[in-house]
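The values are calculated or read from the model by the stated rules, or taken from the named source; none is laboratory data. The shown structure was predicted, so the numbers you read here are calculated from the model rather than taken from an experiment. Using ideal geometry, Cβ is built from the backbone for each residue, glycine included, and neighbour counts are taken over all protein chains shown.
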Amino acid sequence: MSDRIKNVIYYIIILGFIVVGVYLRVLFFSYDRPFWNDESALALNIIRRSFVQLFDVLDYEQVSPPLYVVFAKFFGLFIKKYEFAYRLPALICSILSLPVFFVFCKKFLEKKISIVFALMLFVLNYQLIYYGQELKQYSADVLVYLLILLSYFYINVKETKKWLLGLIGCVFALSIWFSYTALFGILTIGVVMVVKNYRQWKKLLFLFLPFCCSAALFWIFRHELSASTYLHLFWQDGFIAKNFSNFFQVISNNLHFYFLNLNHKLFIYILLLGGFVSVLKNIKEQKYFILIVPFVLALLLSYFNIYPLSDRVSIYLSSLWFVVMAKAFDLFNFKTGWKWFSGLCVVFLFLHAGLSSFWLSKSIIINKGYYVERTPEFLKLAESKMQKNDVLYVSAMTYINYEMYKDTVDIKNVIIEKQKAYDIKEFRTSFDRLEKDVTYYLLLTHSGDKIQEYENLKQIMQTEKDVVFMNDDKYNLLIKFTKL
């Protein structure tokens, strides 16, 4: 087979994967799920605040880059359906990240089979697909981080004029207001560029001075990110202990989050080990520091309790994990007597990763097995059944959902439970305060543990009368009962 035909096949495969990635993201987006609790909290900030006010500390313990929520609010000016408008930036960023990741792979992976494998992991990764249709900034984190790391290959400090370096620096300066993790990308290429071009320090000032000024202003206005006790408690599992006792657990938890679709985690560790060996073999090439520095930086930020290495807030690193894993394929030699063994390994790894990703996407996305909080649907159900003197009783954890969708119904009598209930005792205390001989409709669409709360409520309702449970397979719940 000629090289030309091989190249044609190669680009058809690449295009095929990108098309599949776009299809899965658009399909998931098209389901138009109601906002879940976290999305509702952020959406309420966007709806109720002006563009300028979005730069201030957000309500409901929400933290999101100001320019990102401004971007979302801008779409809301033209598209009146909030779920569609506010999630559109995430979809756009998720789709754009596909070709950007392909270009990124070409900078580090030597074999075409390695590039195809990395792209497959990226395109079919469920977490990346999921955050392409949620009102949060995580898709933007992935895209902006990739673009910043890629910029290293296109900025020639010695030959580029100072005014152009200053312009690029201004783009860097703005990027951290659109994605918090852009800061880590800029620090990464900054370290590598300073080592490479330290004699061009005057030109480097033009490149990084606007960013430094913006970062200082960013810290002043967004200091609550580092000062928030709530956020540090919420993400405490993402901080490495001072004695490193949870070091491997933190790493393992992150890999489990990224590779939710892979059943055999040993497969991941073997590929990562091979990938890092391959990277270290080529470490004399300065570009490979772009793959190493981010991991070192992420570990330091986690160790010093600055930024957690945990789940979705560190999803910006997923692209680097995929590239390092695929880098292991560069170690395979297909021209020796062991080429049959290398071929079998490649086929097995592709089938295992590809089929695992496909079945997960099929069960959750195509077969609609995803999680959903149907607040507007259950509010309308309550409205259709409630009599004049009946009362809607909103559970504490569902309060944000109710605030987001309360205007979609006309329910006059509402009680909102302020005390978050986690066990039966707390539930009983809350219910004992209710007025007797009144019919209530209890709404529960969000909880830290819906199943447990559902079981608790089943027990409590045994002491009430006229009890009717209305729920779906995701434990969205409406309970009619009369208080005795």
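The table for this structure:
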{"item": "Subset of region 364-401 (residues that are basic (K, R) and in contact (Cβ under 8 Å) with a residue 24 or more places away in the chain)", "result": "K368, R374, K380, K385"}
{"item": "Some residue of region 53-70 being outside any helix (DSSP H, G or I), of a type in the set (D, E) and within 22 Å of I176 (Cβ to Cβ)", "result": "yes"}
{"item": "Complete set of residues in region 429-452 that are within 32 Å of the chain's Cα centre (by Cα) and surrounded by fewer than 15 Cβ atoms within 10 Å (Cβ to Cβ)", "result": "G448, D449, I451, Q452"}
{"item": "Close pairs (8 angstrom Cβ cut-off, 6 or more residues apart or separate chains): in a helix (DSSP H, G or I) in region 402-420, at pLDDT 95 or above and among the hydroxyl-bearing types (S, T, Y) anywhere", "result": "Y402/T375; E403/S40; M404/S40; M404/T375; Y405/S40; Y405/T375"}
{"item": "Every pair of residues 6+ apart whose Cβ atoms lie under 6 Å, when the first sits in region 264-280 and is among the β-branched types (V, I, T) while the second is at pLDDT 90 or above and assigned to a helix (DSSP H, G or I)", "result": "V279/Y288; V279/L291; V279/K327"}
{"item": "Single unsatisfied condition, Y152 versus (1) hydroxyl-bearing (S, T, Y); (2) out of contact with any Gly (no Cβ under 8 Å at 6 or more places or on another chain); (3) buried (at least 21 other Cβ atoms within 10 Å of the Cβ)", "result": "(3)"}
{"item": "Selection status of L271, surrounded by 13 or more Cβ atoms within 10 Å (Cβ to Cβ), modelled with pLDDT of 85 or more, hydrophobic (A, V, I, L, M, F, W, C) and closer than 17 Å to W321 by Cβ", "result": "yes"}
{"item": "Residue match in region 453-460 (condition: touching a His at 6+ places or on another chain (Cβ under 6 Å), part of a helix (DSSP H, G or I), surrounded by 17 or more Cβ atoms within 10 Å (Cβ to Cβ) and outside the structural domain of A43 (by TED's automatic domain parsing))", "result": "no"}
